[in-house]
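Everything below concerns the one structure shown next.
The values are calculated or read from the model by the stated rules, or taken from the named source; none is laboratory data. Just so we're clear, the structure is a prediction, and the values are computed from it rather than from any experiment. Ideal geometry is used to build each Cβ from the backbone, glycine not excepted, and the neighbour counts take in all protein chains shown. Remember, those area values only see protein heavy atoms, side chains included, never the ligands or the DNA or RNA. Shrake-Rupley method; radii C 1.70, N 1.55, O 1.52, S 1.80 Å.
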Amino acid sequence: MINLVLIFVYLGIGLLFQNIKGFPVRIYQVLNKIVINVCLPALALYYIPKIHWSTELLFPIGVAWIAFGCSYLFFSFLGKKLGWSKKLTGCLILTTGLGNTSFLGFPIIEALYGQDGLKTAILVDQPGTFVVLSTLGIVVATLFSAGNPEPKQIAKKILLFPPFITFLLACLMNVFHIEFISTLQFLLQKVGSGVTPLALISVGLQLKFEKNSKHWPFLAIGLLYKLILTPALIFFIYVVMLQQHSTSIQIAVMEAAMAPMITACILSATHGLKPRLSSMMIGFGILISFITLTFWYFMVQFI
């Protein structure tokens, strides 16, 4: 559970640095690039070659794809209905469509379900959340930050996105049963573990507690969708409709209930999609999610 404590420590470090006179607060832009271009690719190369595929894995993998697709439909409709800007709509799609299934999800799932539960959590995260971010996430970030980008421009962004390149390489390694030597795996794991501290410090550097912020109503609706409606949707589809009652389904619902994905919020911010709101979604989302996750944990006991 020390990982959960460290989440708040890293956020606090960012907030502390933000208030030190003369500290280069905009260094968060550099931290964001390191997270996306170095740490995430390392995680893909470490985890994906180890996955053993089967049809039963479709349920945990499907969580991110279902959640993101519904987020796109919900906020696109709401944005048009209420006259929101493209940047606001894009921000909410990205920050609510993907959950913090690894940095927050892994320690929580491991604490509740042990090492076996962690194996399911990795499936939700890597072929699920991670791939959605690297493909559909890039598409949304590009479409809602630019005017009318051409398909070639979008395809180029995806194909040149470092996490996506390494994901393809990792998939090939999985298919041909290739793994790096233990020394390289150790290095990849260590580099990948830098995501949590760097991303959360970056969030802390940007997080503002403004009572009169215009973002509060959008923060509220975004977190309502992410922390309540998304897990309710997964619960309805998997348990009520498909009559699935395994422990892996419990974990899938719990992962769907996690706070917004740190890297998705960073992707949103780096594309100019309401950076301040993106940071608020992480900071407040993590705090509130500990309350909502308790509710969902008791709910999944009835599965």
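Beyond 27 Å, what percent of the Cα pairs of the chain remain?
Numbers: 17522 of 45753 pairs.
Looking at the chain, the distances longer than 27 Å represent 38 percent of pairs.
Of the accessible area of the chain, with the probe set at 1.4 angstrom, what percent is carbon plus sulfur? Intermediate results must be reported in sequence, preceding the final value.
Values: 9680 of 13850 Å².
That fraction is 70 percent.
Rank these by accessible area, largest first, 1.4 Å probe: K33, K274, K80. Show your work: numbers first, answer last.
Numbers: K33 135, K274 55, K80 175 Å².
Ranking K33, K274, K80 by accessible area, largest first, yields K80, K33, K274.
Would you kindly calculate the translational diffusion coefficient of the range 1-86, applying Stokes-Einstein with the Kirkwood radius from alpha carbon pairs, for 37 °C and a viscosity of 0.692 mPa s, and quote it in µm² s⁻¹ without decimals?
After rounding, the answer is 187 µm²/s.
Per the Cauchy relation, a quarter of the hull surface: what is the mean projected area of the convex hull of the alpha carbons in the range 114-196, in nm²?
Values: hull surface 28.6 nm².
Approximately 7.2 nm², given one-decimal rounding.
Based on the mean of other beta carbon atoms within 10 Å per residue, what is the order of 61-72, 262-273, 111-122, 179-190, most packed first? Don't jump to the answer; show the numbers that get you there.
On the way: 61-72: 21.8, 262-273: 25.2, 111-122: 16.8, 179-190: 12.2.
The most tightly packed comes first, giving 262-273, 61-72, 111-122, 179-190.
Given a cut-off of under 8 Å on Cα pairs at least six residues apart, what relative contact order in percent is computed for the range 50-172? Could the numbers behind the result be given before it?
On the way: 102 pairs, mean separation 35.8, N = 123.
That works out to 29 percent.
Using helices alone, what [θ] at 222 nm do you get for the chain, with -39,500 (n - 2.57) per DSSP H run of 4 or more residues, divided over all residues and rounded to the nearest 500?
Helix contribution divided over all residues of the chain: -21000 deg cm²/dmol.
For Q185 and F236 in one chain, what is 0.36 nm times their gap in residues minus the Cα-Cα distance, to one decimal in nm? Walk me through the numbers on the way to the answer.
Numbers: separation 51, 0.36 × 51 = 18.36 nm, distance 3.85 nm.
This chain segment gains 14.5 nm when fully extended.
Once you charge only the Cβ atoms, +1 for Lys and Arg and -1 for Asp and Glu, what is the size of the charge dipole of the chain about its Cα centre, to the nearest 20 debye?
Values: 19 positive and 8 negative charges, 258 e Å.
The calculated dipole for the chain is roughly 1240 debye.
I need to check one value: relative contact order of the chain, counting alpha carbon pairs closer than 8 Å and at least 6 residues apart, in percent.
33 percent
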